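In what follows, a single structure is set out as structure tokens and then discussed.
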Amino acid sequence: MLEPIHIIGGGLAGSEAAWQAVKGGVPVVIHEMRPIVSTDAHKTAGLAELVCSNSFRGDDAALNAVGLLHEEMRRAGSLIMAAADAHKVPAGAALAVDREGFSADVTKRLSAHPLVSIDRGEITGLPPSQWDNVIIATGPLTSPALSKALHRLTGEDDLAFFDAIAPIVHRDSIDMSVAWLQSRYDKPGPGGTGKDYINCPLSKDEYHAFIAALLAGEKTDFKDWEKSTPYFEGCLPIEIMAERGPETLRHGPMKPRGLTNSHNSHKKPYAVIQLRQDNRLGTLYNMVGFQTKLKYAEQLRTFRTIPGLGNAEFARLGGLHRNTFLNAPRVLDEGLRLKCEPRLRFAGQITGVEGYVESAATGLMAGRMAAAERLGEAFVMPPPTSAHGALINHIIGGHIETTDQRGSSFQPMNINFGLFPPVSLERQPDGERLRGKQRQTARKHAYTSRALASFTAWLGECAGQKDPRRAMRQSVICRRHCGTSTK
Ligand SMILES: Cc1cc2nc3c(=O)[nH]c(=O)nc-3n(C[C@H](O)[C@H](O)[C@H](O)COP(=O)(O)OP(=O)(O)OC[C@H]3O[C@@H](n4cnc5c(N)ncnc54)[C@H](O)[C@@H]3O)c2cc1C
């Protein structure tokens, strides 16, 4: 009988970590505080609840870094990707899921596994000392009691920034005589039709009136401890983007490119607001990129000035939330363990990755690492050329140089090709120089094909390590060469 791995937090990372460990034959106990204690963003008792968007972003493994991460996870037998694929809803080139079906599936598969126990309750301090192999995957909204204990242990200042929730609208309250269905550039993507988004057009005057309303609207007050917290650049609230200049939103989430108004193809919209399907039934749509800290009454007033949303009914309004993460390059080792207390391993957003997929991917790694440790096996790190390797390198080596007063520039980050070792690619096989878009596409292909080849080879190596015949051969080789046996 093996002692279990204790996993604190049954979110995206904790659920994936548990799955990977039990697949390796090691029992786990998942400690999840919901529904006894909840967070500001979670609403259910389900494992792997998606707190905001229902999108896992782009699913193109050849040209897109997060699509590549999806594919690597699928090849590694990921529970999160299996449930996402089983519950996908149409979303153009993106992988979006029915959030309830997705979470219910993850909960069911884990609850049914004989090596998984689920213990509902908050862990209010450092885990008991007899828990020798722990994964902390408590996410951006780690409960205050545990955060305090961790900060006391690491000696680090609290590092935090804001994420914001985008509003969700009832589909039947959208005026489709004004709005139209179309994916940008008509891209069908996996499982889509090319008509997966609802588009609301704005004229120049309507756009500028909307920007003025955003700027004038009353915002949620910051608490004192939140005031000096930096925003994550990839997830800025719309009013903060509007503050940066009146045209900023038109070049961001409200860009009109790749869209033609089907009601009047001659009338080019000056700006567009897109809404993406949020549930399998197709009854709810979320406003893409519309995270906001406007007060609820202001949101209702301002968003109903958008053409097509005059009578919009909101299933959920936007909000703002704090994100807790460790200064990982300083406090974690390459096994994602706390240097000062190695029995504690971390996974998910708390390690300084950003996003559902990235959180789950670090869970995948942490689960495998913890299982290998329990089984007394060496863990071979994934190659840095793979998306998983690039993420781990970001966590343990990312951005440690000081660029501001806080002593470290480490910030949570989505997967992107900038985290990979560069590829050199200047010419085509026939010797001709690559230029412009052709060069960009070739570079992305070079990153993704190299990553998939190296990750697949790594998976083979990991599987080979577990092969008893190979272990036996290694043991014989070792006895011959060093006069001793491996464990
Ligand atoms: C408001 C908000 C919106 C976000 N929107 C998006 C988005 O749209 N797209 C995206 O890709 N990413 C988004 N993120 C970022 C991030 O990807 C998600 O938060 C993701 O769920 C992180 O995965 P995780 O496993 O690290 O944490 P979570 O999925 O949050 O899981 C952590 C779990 O730990 C539990 N827990 C916490 N403390 C304790 C404790 N002391 N004891 C026991 N259990 C505990 C929680 O209840 C939770 O179930 C958002 C984050 C926030 C806060």
Packing-based ranking, highest mean first, of 287-296, 302-311 given that Cβ atoms within 10 Å are counted: 287-296, 302-311
Karplus 3J(HN,Hα) series, Hz, for the stretch 8-15 with 6.51 cos²θ - 1.76 cosθ + 1.60 (x for Gly, Pro): 9, x, x, x, 4, 6, x, 5
Mean Cα-pair separation over length for the chain, i.e. relative contact order, pairs under 8 Å, 6 or more apart, %: 20
Spacing of the two label points (7 Å from each Cα toward its C-beta) at THR44 and ARG74, in nm: 2.3
Computed Rg/Rh of the chain, alpha carbon atoms with Kirkwood Rh: 0.99
Across LYS88/LYS204; LYS195/LYS267; LYS204/LYS437; LYS108/LYS295; LYS88/LYS108, pairs whose alpha-carbon gap is larger than 27 Å: LYS88/LYS204; LYS204/LYS437; LYS108/LYS295
Gap separating the Cα centres of the stretch 332-364 and the stretch 88-160, nearest whole Å: 11
Dipole of the chain, positive direction: furthest Cα of ASN323, LEU126, VAL353, with charges on the beta-carbon: VAL353
Only Lys, Arg (+1) and Asp, Glu (-1) charged, at Cβ; the stretch 29-128 dipole about Cα centre in debye: 140
Peptides 15-26, 122-133 ordered by average Cβ neighbours within 10 Å, highest first: 15-26, 122-133
Cα gyration tensor category, rounded, prolate or oblate, for the stretch 1-120 with a/c compared to 1.5: oblate
Net charge, MET176 excluded, C-beta distance under 15 Å - Lys, Arg +1, Asp, Glu -1: -2
By average C-beta atoms within 10 angstrom, highest first, the peptides 448-461, 322-335: 322-335, 448-461
Within the stretch 88-178: Cβ-based charge dipole about Cα centre, in debye rounded to nearest 20 (Lys, Arg +1; Asp, Glu -1): 260
Surface per residue (accessible, 1.4 Å probe) for the stretch 17-74, Å²: 30
The stretch 1-72: equivalent-ellipsoid semi-axes (sqrt of 5 x gyration tensor eigenvalues, Cα, Å): 26, 21, 6
Amide H contacts under 5 Å for TRP180, placed H, 5+ residues apart: ASN199
For the stretch 285-299 versus the stretch 252-272, the gap between their alpha-carbon centres in whole angstrom: 21
Accessible area of the chain belonging to carbon and sulfur atoms, whole % at 1.4 Å probe: 54
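The values are calculated or read from the model by the stated rules, or taken from the named source; none is laboratory data. Computed from a prediction, not measured in an experiment: that's the story for all the values here. Neighbour counts are summed over all protein chains in view; Cβ atoms, including those assigned to glycine, are modelled from backbone coordinates with ideal geometry. In case anyone asks, the SASA skips ligands and DNA or RNA and just uses the protein heavy atoms, side chains included. Shrake-Rupley method; radii C 1.70, N 1.55, O 1.52, S 1.80 Å.
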